[in-house]
Amino acid sequence: MRTIGLASDHAGYPLKEHIKEWLTANGYEYKDFGTNSTDSCDYPQFGHALATAVENGECHTGIAICGTGNGINMSVNHHQGIRGALCWMPEIAELARQHNDANILVMPGRFIDNDTAEKCVKTFLETEFEGGRHQRRIDAIPCK
Ligand code: RB5
């Protein structure tokens, strides 16, 4: 069973809770790295906890959500083993897996509806990396 890690700030909390219900209904295990309410908080704390768990293999894939998606995406992408992809439509989530081998799906909680977010999650979790020329490109992403 692949464990999916979840993290959000207060702005992403409602969507995170919705996605947890969707994951359970669709047979996925998850681990929630917070936050645990809509009280104002700082997204890096939760993004870093999730990114560390994906890097060390505790979680197979991550889902990270803040208001725009940008702050938590910047946070997770500071980790060398992470490729976080900001997605707001399933077609982008599909390409993030096929071309970028993204391992954290990032969504903008204040700018995406629940149905579209569910489709992004389903697509992201079910789509394989294509490899080939894309492997060369992702290998060149880390700063040497
Ligand atoms: C919180 O107000 C908001 O700044 C945060 O969720 C995110 O959008 C930052 O990038």
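Quick one: Trp22 ticks every box in (1) farther than 18 Å from Cys120 by Cα; (2) touching an Asp or Glu at 6+ places or on another chain (Cβ under 6 Å); (3) away from the ligand (no atom under 16 Å from the Cβ) bar one, so which box is it? Here Trp22 meets the rest and fails (1). Taking segment 107-118 as the range and being surrounded by fewer than 17 Cβ atoms within 10 Å (Cβ to Cβ) and in contact (Cβ under 8 Å) with a residue 24 or more places away in the chain as the test, the residues that pass are Arg110, Phe111, Asn114, Thr116.
In a helix (DSSP H, G or I), more than 15 Å from the ligand (Cβ to nearest atom) and in contact (Cβ under 8 Å) with a residue 12 or more places away in the chain, is that true of Ala102? No, not satisfied.
Taken over segment 119-138, the criterion of being over 22 Å from Thr3 (Cβ atoms) and either of a type in the set (Lys, Arg) or buried (at least 19 other Cβ atoms within 10 Å of the Cβ) (or both) is satisfied by Arg133, Arg136, Arg137.
Of all the numbered requirements in (1) within 16 Å of the ligand (Cβ to nearest atom); (2) under 25 Å from Glu126 (Cβ atoms), Arg83 misses one, and that requirement is (1). Applying the condition of being in contact with a Lys or Arg (Cβ under 7 Å, 6 or more places away or on another chain) and within 16 Å of the ligand (Cβ to nearest atom) to segment 40-67 and asking which residue is nearest to Arg110 (Cα to Cα) yields Gly67. Screening Met89 against (1) within 16 Å of the ligand (Cβ to nearest atom); (2) out of contact with any helix residue (DSSP H, G or I) (no Cβ under 6 Å at 6 or more places or on another chain) leaves a single unmet condition, (1).
Those helices (runs of 4 or more DSSP H) of segment 8-97 in which 3 or more residues are within 11 Å of the chain's Cα centre (by Cα) and crowded, with 21+ Cβ neighbours inside 10 Å occupy 43-55, 70-76.
Every read-out reported here was derived from the displayed coordinates using simple, explicitly stated rules and does not represent laboratory data. Keep in mind the model is a prediction, meaning the values are calculated, not measured. Please note: Cβ atoms are built from the backbone with ideal geometry, for glycine as well, and neighbour counts cover all protein chains shown.
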